[in-house]
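Engineer: Starting off with a structure, shown below.
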Amino acid sequence: PAIVMVVATPAFAGSTDRRITVTLAPTAVRVGESSSITVRVTDAAGVPLAGQAVSLSASSGVTLGQSSGLTDGSGTFWTTARVTASTTEGTSTITVVSPGAGGTVSAAATRAYGDPALEVRFSPDPGKGRTPSVLTASLTINSVPVGGSPISISSPESRLVFSPASGPTDGAGTFTSSFTPFPSGTPQSADIFVGSSTYSLMVMARYVWLTPLN
């Protein structure tokens with residue numbers, strides 16, 4: 001799953017040498033799904049601080065597993081956030097505050113929710129027989145990239161060989177695969193199926209390429 005980290009600044013500049021980060025994984029979910037929240041408090045040098053009080057709040061439509069607590073020996077506090085919004089698409093903000101000696105530090109992270117979307121594009125388009133082509137699949141939720149999600153590619157045309165034929169999306173929510181259209185007449189086309197098992201999505205894209213007359 002995609003992970004994002006937000007590094008907080010002190011509530012008042014120069015008020016404290018503590019630092020706080022909040023990590024959401026994943027950063028985009030469907031309504032009814034949860035993200036894990038990891039909060040970490042350190043000193044200015046990055047040394048974990050145990051026993052630090054943290055308090056969490058979330059925008060409307062989000063239910064927190066635990067809204068407050070203390071960091072453990074590694075300076076970490078963990079909980080979950082579940083989207084319970086009545087709307088099908090939107091964003092929610094998780095805010096974390098940690099009061100302490102010298103002042104209060106805070107951090108915030110935004111998570112998107114909605115229905116997943118899978119987009120497929122080719123380069124070049126149209127293609128050419130015997131010339132390598134590239135397929136790029138992009139997976140998003142409410143326009144936010146979804147990383148670490150498995151993608152598979154197939155075609156009923158057995159002469160199209162995809163390399164690789166499956167794998168996870170990267171941090172930008174994309175997965176790329178190369179293939180070489182075969183030469184046999186002009187023009188040629190084939191149906192290509194791109195799927196996401198995580199979200200039970202399947203997209204059919206027809207690719208057209210030009211081939212020599214002979």
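Engineer: Figure the gain on full extension for Ala101 and Trp78 (residue separation times 0.36 nm, minus the Cα-Cα span) and round it to one decimal in nm. Kindly include the intermediate steps, with their values, before the conclusion.
Structural biologist: Numbers: separation 23, 0.36 × 23 = 8.28 nm, distance 2.22 nm.
Answer, rounded to one decimal: 6.1 nm.
Engineer: Considering only the other residues whose Cβ falls under 11 Å of the Cβ of Thr88, what net charge follows from Lys and Arg at +1 and Asp and Glu at -1? Don't jump to the answer; show the numbers that get you there.
Structural biologist: Working: positive: Arg30; negative: Glu89, Asp115.
Around Thr88, the charge tally is -1.
Engineer: Separate question: Report the extension gain between Val203 and Ser59 in nm, rounded to one decimal, defined as 0.36 nm multiplied by the number of residues separating them, less their alpha carbon distance. Numbers along the way, then the final one.
Structural biologist: On the way: separation 144, 0.36 × 144 = 51.84 nm, distance 3.36 nm.
Contour length minus the Cα-Cα distance gives 48.5 nm.
Engineer: Of the accessible area of the range 35-171, with the probe set at 1.4 angstrom, what percent is carbon plus sulfur?
Structural biologist: Working: 3330 of 6400 Å².
Summing carbon and sulfur atoms, their accessible area is 52 percent of the total for the range 35-171.
Engineer: Nothing charged except the Cβ atoms of Lys and Arg (+1) and of Asp and Glu (-1): what's the magnitude of the dipole of the range 14-106 about its Cα centre? Round to the nearest 20 debye.
Structural biologist: Numbers: 5 positive and 5 negative charges, 8 e Å.
In debye, rounded to 20, the range 14-106 gives about 40.
Engineer: Given Cα pairs under 8 Å that are at least 6 residues apart, what percent is the relative contact order of the chain?
Structural biologist: Numbers: 600 pairs, mean separation 37.8, N = 214.
In percent, rounded to a whole number, it is 18.
Engineer: Give me the percent relative contact order of the range 95-193, please, defined on Cα pairs under 8 angstrom at least 6 residues apart. Please list the in-between numbers first.
Structural biologist: Values: 176 pairs, mean separation 25.2, N = 99.
About 25 percent, as a whole number.
Engineer: A further question on this structure: Once the other residues with Cβ under 12 Å from the Cβ of Ala107 are scored (Lys, Arg +1; Asp, Glu -1), what is the net sum? Write out the running numbers ahead of the final one.
Structural biologist: Values: positive: Arg18, Arg19, Arg40; negative: none.
Residues near Ala107 contribute +3 overall.
Engineer: Give the accessible surface of the chain per residue, rounded to a whole number of Å², with probe radius 1.4 Å and ligands, DNA and RNA excluded. Working shown, then result.
Structural biologist: Details: 10270 Å² over 214 residues.
Accessible area per residue: 48 Å².
Engineer: Once you keep just the Cα pairs under 8 angstrom separated by 6 or more residues, what percentage relative contact order results for the range 113-156?
Structural biologist: Details: 42 pairs, mean separation 17.2, N = 44.
Once normalised by length, the contact order is 39 percent.
Engineer: What's the FRET efficiency of Thr88 with Val161 using the Cβ-Cβ distance as r and R₀ = 45 Å, to the nearest 0.05?
Structural biologist: Working: r = 39 Å, r/R0 = 0.86.
Once rounded, the FRET efficiency stands at 0.70.
The values are calculated or read from the model by the stated rules, or taken from the named source; none is laboratory data. Because the structure is a prediction, the values reported are computed rather than measured. Please note: Cβ atoms are built from the backbone with ideal geometry, for glycine as well, and neighbour counts cover all protein chains shown. SASA here: full protein model, heavy atoms, side chains in, ligands and nucleic acids out. Shrake-Rupley method; radii C 1.70, N 1.55, O 1.52, S 1.80 Å.
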